[in-house]
Amino acid sequence: MRAWEDRTIEERNLLNPAFCAVILWFLAKGYHTEANALSEPQNQIPITLAFVGSSFVLRGQTRRALPTTTRTSLPSWVTEHPLQRSAVAKGVEVLRPYVREAIMVGAQQGILGLAGGATLMSELSAKRRINKYLRQATPEVQECASRAEFVGRWLMKSGTPSTVLSLLGMQA
């Protein structure tokens, strides 16, 4: 990871660790919400899917191509959007250091929790701070948060992390 002062303006604005931690908070929240609705015992997002979810949300073109309902399956979406599929896979690699940094910052700031080193959860005690941040944010930031929550729910319904990775042409 490059030093902060060596990062481009775009990196500082679009991939700063605080913003990415908020995106991860919404991914984890959506995953948790959907898991509870389906009475799934595993209700925390696997860290692998946090990287995948970030790739779906942080790239504007992919975010805008997402379905509007979780009834659209990931296999159907992948079939209809082959270019987005490859962009998500590439995005996981490109975003890896930024997502790692966001996880650390989120955990240090008390908005993200790590369970057993393999899953991520949104700390509900941070909800007021997150909502305050969103009220002051731009519409695009608000859209990213909303879509992140959706993607968390969608990924929960899409199967195991290895299934999701396979559908995206990646290996576990």
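Side notes on the structure shown:
- Among the residues making up region 148-172, a single one is touching a Pro at 6+ places or on another chain (Cβ under 9 Å), part of a loop (DSSP other than H, G, I, E, B) and of a type in the set (A, V, I, L, M): Ala172.
- The residues in region 34-54 that are closer than 21 Å to Ile130 by Cβ and crowded, with 16+ Cβ neighbours inside 10 Å can be counted, and the count is 11.
- Checked against (1) surrounded by fewer than 18 Cβ atoms within 10 Å (Cβ to Cβ); (2) modelled with pLDDT of 90 or more; (3) of a type outside the set (Lys, Arg), Trp25 passes all but condition (1).
- Selection over region 61-77 of residues that are in a helix (DSSP H, G or I) and open to solvent by 20 Å² or more (accessible area, probe 1.4 Å) gives a count of 5.
- Tally, over region 135-160, of residues that are open to solvent by less than 30 Å² (accessible area, probe 1.4 Å) and farther than 16 Å from Trp25 by Cα: 1
- Tally, over region 101-125, of residues that are free of Cβ contacts under 8 Å to residues at least 12 places away in the same chain and within 13 Å of the chain's Cα centre (by Cα): 0
The values are calculated or read from the model by the stated rules, or taken from the named source; none is laboratory data. Please read all numbers here as calculations on a predicted model, not as lab measurements. Backbone-built Cβ (ideal geometry, glycine too); neighbour counts: all protein chains shown. What goes into the accessible areas is simple: the full protein's heavy atoms, side chains included, and nothing from ligands, DNA or RNA. Shrake-Rupley method; radii C 1.70, N 1.55, O 1.52, S 1.80 Å.
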